[in-house]
Amino acid sequence: MSGKHVVIFKNDAVGDLVHSLKAINNICNEKNVDKITIYISKLSEKFNFLINNQKITFKVVNYNLSIFEKVKIFFFICFNNIFKIYILAPKNFYFYLPIFFLNTKFYALCVDNINGYKRPSIFFRRFLYKYVINNRSAQFKRKATSELQNELTINKNYINNKQNLKSNLSNNLNIYLPKNYIFFHVKNKTIKELGWGITELKLLFKEFLRFSENVVLTKDLKLDDNTKIFKDNFNSFDFKTLKFTDKSSKIIFFDNIDGIDLYNTILHAKKVVAFHGMMTNLGSIRKQKVLDLFHCKIDNWSDYRNYRNSFYEFKPKYFGYDFTIPRKDMNKTIKKIKFSFKNEK
């Protein structure tokens with residue numbers, strides 16, 4: 001039977017969206033599905049180009065659903081003949097839906113955690129057609145969420161049609177993107193915790209320039225003190241105002257860069273160096289060389305458990321991905337980075 005309609009709930013952050021790309025591609029390639037509605041969050045709306053398929057219609061909602069959004073979702077399912085629903089963002093509201101829609105097959109990523117925590121509970125799991133469990137309470141190495149979601153969505157009734165995520169550079173990138181560069185992204189909260197200021201970052205970039213002709217620097221979109229500091233010290237281009245400032249530097253700061261321009265900047269880098277999260281995840285899509293700075297602020301056993309779980313849950317697995325734990329002492333961090341760069345083949 002053709003013409004079946006599938007719904008995917010994935011209103012998460014960009015990094016989480018990246019971990020679901022393979023699963024979403026599996027769903028898109030099912031032979032008997034020709035209409036797919038994906039709920040994505042406003043956080044990842046500008047990255048919907050990562051999911052390029054004619055079957056898909058996007059609906060943009062908040063990361064945390066409002067009551068109005070929940071009601072709209074409920075009635076959307078009521079008035080559409082939905083064949084399957086995939087819960088890839090394990091939010092509590094979605095797990096109540098199978099009780100009301102018994103004729104729809106629900107597939108879900110569930111979560112177990114310490115102290116017997118389960119999302120959803122055993123009772124609600126009975127209404128799911130198929131589910132996999134992200135066991136955060138595990139005391140051992142476990143599968144990443146991308147692997148679990150792949151197992152959840154893989155289907156014998158499947159067309160092997162790999163997605164091409166390459167895209168053309170925009171005019172701005174054609175003009176200002178260097179040909180040979182290391183990409184580095186600053187998380188303001190993290191560098192504050194590490195005590196890194198402009199002096200430490202300049203030392204870091206000096207080391208990068210031993211391995212590459214240029215450095216491309218980005219930061220969080222939120223306005224902070226670093227915006228002015230970076231523009232005062234390095235070349236800069238603002239993607240919002242289209243203003244370029246020349247400081248005769250081999251380091252260029254891309255301000256207000258987002259969406260496909262950000263993705264292409266990462267895609268064309270000689271190497272991606274960034275704190276664990278969105279940037280390292282985007283770099284992993286096409287298996288870029290990535291040095292993941294996995295910052296850990298551990299004050300107790302609970303912190304250690306959370307960081308360890310996060311590492312196993314989201315760590316990419318391919319040759320070219322490397323990670324290190326940055327230190328407050330920049331010189332010690334640089335030694336670790338040197339080791340990573342020199343061990344590249």
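Every read-out reported here was derived from the displayed coordinates using simple, explicitly stated rules and does not represent laboratory data. Note that the structure is predicted; figures quoted are calculated from it, not measured. With ideal geometry, Cβ positions are generated from the backbone for all residues, glycine too; neighbour counts draw on all protein chains shown.
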Quiz item: Helix 330-342: angle to the longest alpha-carbon principal axis of the chain, degrees 0 to 90, nearest 10?
Solution: 70
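Once you mark the chymotrypsin sites (Phe, Trp or Tyr not before Pro) that are in a DSSP loop and have at most 13 other Cβ atoms within 10 Å, what is the longest gap between them in the chain? Walk me through the numbers on the way to the answer.
Details: sites that count: PHE79, TYR117, TYR129, PHE140, TYR318, PHE319.
Longest gap between qualifying sites, sites excluded: 141-317.
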Exercise. Compute the length gained on full extension between ALA138 and LEU223: take 0.36 nm times their separation in residues and subtract their Cα-Cα distance, giving the result in nm to one decimal.
Key: 26.7 nm
Quiz item: Roughly how many nanometres apart are two label points built 7 Å out from the Cα toward the Cβ at ASN92 and LYS4?
Solution: 3.2
Self-check item: Computed E for ARG286/THR241 - FRET, C-beta separation, R0 25 angstrom, nearest 0.05
Solution: 0.25
Self-check item: Gyration tensor verdict on the range 166-232 (Cα atoms; rounded if a/c is under 1.5, prolate if a/b is larger than b/c, oblate otherwise)
Solution: oblate
Quiz item: How much FRET efficiency would the formula 1/(1 + (r/R0)^6) give for LYS250 and LYS342, where r is the Cβ-Cβ distance and R0 is 30 Å, rounded to 0.05?
Solution: 0.90
Self-check item: Taking N as its residue count, the alpha carbon Rg of the range 4-153 over 2.2 N^0.38 Å
Solution: 1.00
Quiz item: Hey, of (i) 62, 49, 35; (ii) 64, 48, 41; (iii) 62, 52, 43, which did the structure itself give for Cα extents along the principal axes in Å when calculated?
Solution: (ii)
Quiz item: Using a Gaussian network for the chain with springs between C-alpha atoms less than 10 Å apart, which of these wobbles most: LYS328, LYS315, LYS189?
Solution: LYS189
Practice problem: Please go through the range 1-32 and write out the trypsin sites (Lys or Arg not before Pro) that DSSP classes as loop and that have at most 14 other C-beta atoms within 10 Å. | Solution: LYS31
Quiz item: Taking Cα pairs under 8 Å and at least six residues apart, what relative contact order does the range 4-153 come out at, in percent?
Solution: 25
Self-check item: In degrees, nearest ten, helix 198-208 long axis to first principal axis of the chain (Cα)
Solution: 90
Practice problem: May I ask you to derive the relative contact order of the chain, considering only C-alpha pairs under 8 Å and at least 6 residues apart, and to give it as an integer percent? | Solution: 15
Practice problem: Provide, in order from the shortest bin, the percent of all Cα-Cα pairs of the range 171-342 in each 10 Å bin, continuing until the bin that contains the maximum pair distance. | Solution: 9, 39, 38, 12, 1
Practice problem: Mind pulling the angle between the C-alpha long axis of helix 67-78 and the longest principal axis of the chain? Nearest 10 degrees, somewhere in 0 to 90. | Solution: 50
